[in-house]
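Chemist: My questions all concern the structure below.
The values are calculated or read from the model by the stated rules, or taken from the named source; none is laboratory data. Note that the structure is a prediction, hence the values are computed from the model and not measured. In this analysis, Cβ positions are derived from the backbone assuming ideal geometry, glycine residues included, and neighbour counts consider all displayed protein chains. For accessibility, only protein heavy atoms count, side chains too; no ligands or nucleic acids. Shrake-Rupley method; radii C 1.70, N 1.55, O 1.52, S 1.80 Å.
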Amino acid sequence: MAITEQKNRNSYGLLNSLRAAVWLEWQTRGNWTNPWLFTLYILGKPISAALVLVFMYQIVSGGRSNPTILGYLIVGSATWAFVDTVMGEFPRTVLSDREEYAMLKYVYIAPHRFITFLIGRATPRILMAAVAFTVTLSIGVVFLKIPIHIVSVNYLLLLVTMLIGFVSLIGFGVAFAGLALVLKRGAWDMSTAISGALYLVTGAIFPITILPGFLRDISLVIPLTYWIELTRRSVLGYSSPGMPSSWAVTLLIQIITTILVTTIAVIAYYICEHFAKERGQLDRATGN
Amino acid sequence: MTAAHMHADSPAIQTIDVRRVYKSRSGFTFGGQKAGKSVTALDGVSLTIQKGELFGLLGRNGAGKTTLIKILTTLLAPTSGEAYVDGLDVNKYVIPIRKKIAMVSGGEQSGYGILTVREQLWMFAQFYGVPSQAAHKKIDQLLEAVGLGDQANQKVYALSTGMRQRMNLCRALVSDPEILFLDEPTVGLDVEASRIVRNYVRSWMQEQRGRTVLLTTHYMFEADELCDRVAIINHGQIVAQGETDDLKKGLQEHARFQFELAEWAPAFEEELKQSRGVVSAQSMHQKGKVSVQIALENEEYITSAMQTISSAGGHVLTLRRIEPTLEEVFMRLVGTADDEKSAGEDEEK
Ligand SMILES: Nc1ncnc2c1ncn2[C@@H]1O[C@H](COP(=O)(O)OP(=O)(O)O)[C@@H](O)[C@H]1O
Ligand SMILES: [Mg+2]
């Protein structure tokens with residue numbers, strides 16, 4: 001009797017925990033009194049990043065810009081908003097909760113898995129990034145005439161590839177959170193550096209065919225590459241150089257690489273957590 | 001998590017020869033520690049704390065108190081030895097242990113500043129699976145009890161240190177833990193806030209039988225006031241443990257008394273020293289009075305000592321037994337603060 005009660009409370013607790021983490025994230029970062037500032041906060045970086053690319057391209061092409069290439073740039077850049085916003089949130093949560101709020105240890109010793117809490121904290125960011133994604137694409141369509149036709153977008157494919165994409169983002173994010181647990185001050189630089197590298201090798205802004213051979217091999221095992229590709233394909237309707245011509249094959253590879261990478265990432269996270277606990281780093285602030 | 005491990009009669013906390021060594025390897029550490037240095041924070045700690053005890057762990061800064069608490073709260077792995085919370089091995093039953101415990105540490109400004117006090121407590125209740133309604137009721141009760149009733153809807157960042165710490169105590173209690181770890185909970189608090197915290201801890205213990213508190217402190221009076229039993233830790237080793245009264249008695253190899261005499265009596269000191277059962281006797285003049293301190297092998301010799309004094313012509317005004325304080329016990333066992341420079345001053349800065 002007492003034991004079943006305990007069990008109920010347990011499973012109930014995990015869901016609650018996830019929900020409370022989502023709520024906390026929304027409160028700490030989304031609770032802006034001024035909606036304009038909040039909009040600027042969500043949209044500022046992704047839109048300016050996209051526009052910088054477009055201007056650079058227009059300068060290089062001498063004003064005779066090709067809508068196909070513009071479309072490539074805008075969609076890739078818009079999709080990247082998810083990576084920046086969601087993946088980066090994981091190490092950010094560890095650092096802020098440990099150093100700014102000094103709450104990490106209390107959250108850590110609650111009877112949930114810390115990973116659940118982290119995922120909860122990153123989830124509202126998907127919503128914020130989705131807004132940035134949509135607005136960036138709209139700007140592309142309205143002002144740059146990129147070839148997106150609302151009726152011919154493959155929404156189902158877009159949805160599926162996005163959902164799988166989120167799984168891989170969470171995977172990478174969880175691994176970065178693990179690094180943040182053991183690397184202290186270095187964690188933030190480390191995850192920015194890695195996400196910068198991913199930006200270059202996943203075909204976000206240029207086709208992977210122009211990469212040197214070994215980098216291309218790397219890009220072919222990263223699920224983000226296929227996610228960005230399928231997002232482009234479902235929105236623009238055409239495939240990019242160096243990618244399988246069949247969307248089904250691409251999707252299959254996305255699924256497989258996502259499973260692989262996410263599994264490795266979660267294992268990596270647990271190894272890091274183990275080391276952090278072993279070394280007594282779970283509640284030490286950076287300065288120590 | 002299996003029933004076999006949850007004995008109703010297992011101690012609340014048990015450690016067997018727990019050691020913890022902090023190593024800082026070069027290469028992987030981005031912090032400021034020197035490479036290769038290793039610190040033995042716990043050096044074979046064995047303690048047993050029964051359910052229902054308010055147990056004090058006393059020691060100076062760097063003695064290893066926080067390290068022990070971290071091990072018991074699943075924040076840190078022991079280097080060797082065994083540690084159990086409610087009979088559950090801290091290395092194996094992490095989640096089941098976490099359901100039973102809560103912790104508060106002092107000397108820090110913790111809290112999600114942007115949340116209100118109520119929101120922060122509610123969130124923790126959620127982490128422990130307490131249904132919302134029950135949680136809010138509990139939160140009201142707790143806040144009222146520690147004098148934060150008016151602050152429920154105030155943002156955490158606007159609280160004073162003392163208020164934050166009281167909120168922290170509520171945060172720990174909102175999940176109704178069986179075992180509560182308090183790591184120097186009143187450090188840095190003003191007298192009033194400390195008093196509220198101490199009083200509430202005491203009444204929380206009394207509210208329900210079987211609740212257990214492990215309190216660390218370097219304030220001896222706090223331990224003396226709150227704890228049934230204490231252990232004194234120094235350089236990672238338990239140097240004494242037992243009931244506070246026993247420790248004080250144990251410190252006294254001899255029963256000590258102090259007399260005041262109306263006036264000087266010839267040669268009473270010498271005679272006292274000759275008298276049976278007297279270990280030492282010292283007298284001194286103080287503002288026209290004579291005060292005498294004697295140590296006896298055993299308190300029963302006090303009658304014969306009194307007789308010796310009166311037969312030497314002394315007239316006893318007052319007689320008082322000298323009771324040692326916990327502070328004295330501590331000083332005797334651990335030494336003075338000067339020996340302490342090497343032990344971990346780098347922490348908590
Ligand atoms: N993460 C750590 N890395 C290295 N040394 C540590 C760490 N934490 C504590 N220490 C050292 O271990 C010893 C015990 O510290 P601690 O348990 O915090 O003592 P107390 O809580 O009694 O003040 C100190 O010498 C301290 O400097
Ligand atoms: Mg301490």
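Chemist: With the stretch B:114-190 as the region, which helices (runs of 4 or more DSSP H) entirely inside it contain at least 3 residues that are touching a strand residue (DSSP E or B) at 6+ places or on another chain (Cβ under 8 Å)?
Modeler: Result: B:161-173.
Chemist: Let me ask something else. Condition test on B:PHE181, is it in the same structural domain as B:ILE294 (by TED's automatic domain parsing) and on the phi < 0 side of the Ramachandran plot?
Modeler: Here the answer is no, as B:PHE181 does not meet what is asked.
Chemist: Residues B:THR212, B:THR186: which one is touching a residue at least 12 places away in the same chain (Cβ under 8 Å), within 16 Å of ligand 1 (Cβ to nearest atom), away from every other protein chain (no Cβ under 13 Å) and polar (S, T, N, Q)?
Modeler: Answer to the check: B:THR186.
Chemist: With the requirement that a residue be in a loop (DSSP other than H, G, I, E, B) and within 12 Å of ligand 2 (Cβ to nearest atom), what does the stretch B:46-67 give you?
Modeler: B:GLY59, B:ARG60, B:ASN61, B:GLY62, B:ALA63, B:GLY64 - these are the residues of the stretch B:46-67 that are in a loop (DSSP other than H, G, I, E, B) and within 12 Å of ligand 2 (Cβ to nearest atom).
Chemist: Here's another thing I want to ask about it. Out of A:PRO67, A:PRO111, which single residue is at pLDDT 90 or above, open to solvent by 10 Å² or more (accessible area, probe 1.4 Å) and not hydroxyl-bearing (Ser, Thr, Tyr)?
Modeler: That would be A:PRO111, the only listed residue that is at pLDDT 90 or above, open to solvent by 10 Å² or more (accessible area, probe 1.4 Å) and not hydroxyl-bearing (Ser, Thr, Tyr).
Chemist: Follow-up question, since we're still on this one. Which one is farthest from ligand 1 (Cβ to nearest atom), of the residues in the stretch B:73-85 that are not in a strand (DSSP E or B) and not hydrophobic (A, V, I, L, M, F, W, C)?
Modeler: Filtering the stretch B:73-85 for residues that are not in a strand (DSSP E or B) and not hydrophobic (A, V, I, L, M, F, W, C), the one farthest from ligand 1 (Cβ to nearest atom) comes out as B:THR74.
Chemist: Residue pairs, Cβ under 6 Å, 6 or more apart or interchain, first in the stretch B:310-329 and closer than 18 Å to B:SER291 by Cα, second among the small types (Gly, Ala, Ser). List them.
Modeler: Close Cβ pairs satisfying both conditions: B:ALA312/B:ALA265; B:GLY313/B:ALA265; B:GLY314/B:ALA265; B:HIS315/B:ALA262; B:LEU317/B:ALA262.
Chemist: For the stretch A:160-169, what are the residues that are under 12 Å from the mean Cα position of the chain (by Cα) and crowded, with 23+ Cβ neighbours inside 10 Å?
Modeler: Within the stretch A:160-169, A:GLY165, A:SER168, A:LEU169 meet the criteria.
Chemist: So which residues in the stretch A:185-232 are among the acidic types (Asp, Glu) and either within 14 Å of chain B (Cβ to nearest Cβ) or surrounded by fewer than 23 Cβ atoms within 10 Å (Cβ to Cβ) (or both)?
Modeler: Listed by number, the residues that qualify are A:ASP189, A:ASP217.
Chemist: Among all residue pairs at least 6 apart or on different chains, which show Cβ distances below 7 Å where the first residue, located in the stretch A:242-263, is surrounded by fewer than 19 Cβ atoms within 10 Å (Cβ to Cβ) and the second is polar (S, T, N, Q)?
Modeler: From residues that are surrounded by fewer than 19 Cβ atoms within 10 Å (Cβ to Cβ), the pairs are A:GLY242/A:THR209; A:PRO244/A:THR250; A:SER245/A:SER239.
Chemist: Check B:LYS70 against each of (1) in contact (Cβ under 8 Å) with a residue 24 or more places away in the chain; (2) outside any loop (DSSP other than H, G, I, E, B) and name the one condition it does not meet.
Modeler: Going through the list (1) in contact (Cβ under 8 Å) with a residue 24 or more places away in the chain; (2) outside any loop (DSSP other than H, G, I, E, B), B:LYS70 breaks only (1).
Chemist: Still on this structure, I have one more. Quick test of your reading of the structure: B:TRP122 fulfils all but one of (1) away from chain A (no Cβ under 12 Å); (2) away from ligand 1 (no atom under 16 Å from the Cβ); (3) under 19 Å from A:ALA102 (Cα atoms). Name the failing condition by number.
Modeler: Result: B:TRP122 fails condition (1) only.
Chemist: Hey, another quick one. Answer yes or no: is there a residue in the stretch B:337-347 that is at pLDDT 75 or above and outside any loop (DSSP other than H, G, I, E, B).
Modeler: no
Chemist: For the list (1) within 14 Å of chain B (Cβ to nearest Cβ); (2) open to solvent by 50 Å² or more (accessible area, probe 1.4 Å); (3) on the phi > 0 side of the Ramachandran plot, I need the number of the one condition that A:GLY237 fails.
Modeler: (1)
Chemist: Also, quick follow-up: Name the single residue, out of those in the stretch B:57-116 being among the basic types (Lys, Arg) and facing chain A (nearest Cβ under 10 Å), that is surrounded by the most Cβ atoms within 10 Å (Cβ to Cβ).
Modeler: Checking each candidate, the answer is B:LYS70.
Chemist: Could I ask something else about it? Of all residues in the stretch A:235-270, count the ones that are in contact with a Lys or Arg (Cβ under 9 Å, 6 or more places away or on another chain) and part of a helix (DSSP H, G or I).
Modeler: So the count comes out to 2.
Chemist: Those residues that are within 27 Å of A:LEU24 (Cβ to Cβ) and among the small types (Gly, Ala, Ser), I need them from the stretch B:70-114; list them, please.
Modeler: If the condition is that a residue be within 27 Å of A:LEU24 (Cβ to Cβ) and among the small types (Gly, Ala, Ser), then B:ALA102, B:SER105, B:GLY106, B:GLY107, B:SER110, B:GLY111, B:GLY113 are the ones that fit.
Chemist: Of the conditions (1) within 14 Å of chain B (Cβ to nearest Cβ); (2) more than 23 Å from the chain's Cα centre (by Cα), A:VAL182 fails just one. Which one is it?
Modeler: All conditions pass for A:VAL182, except number (2).
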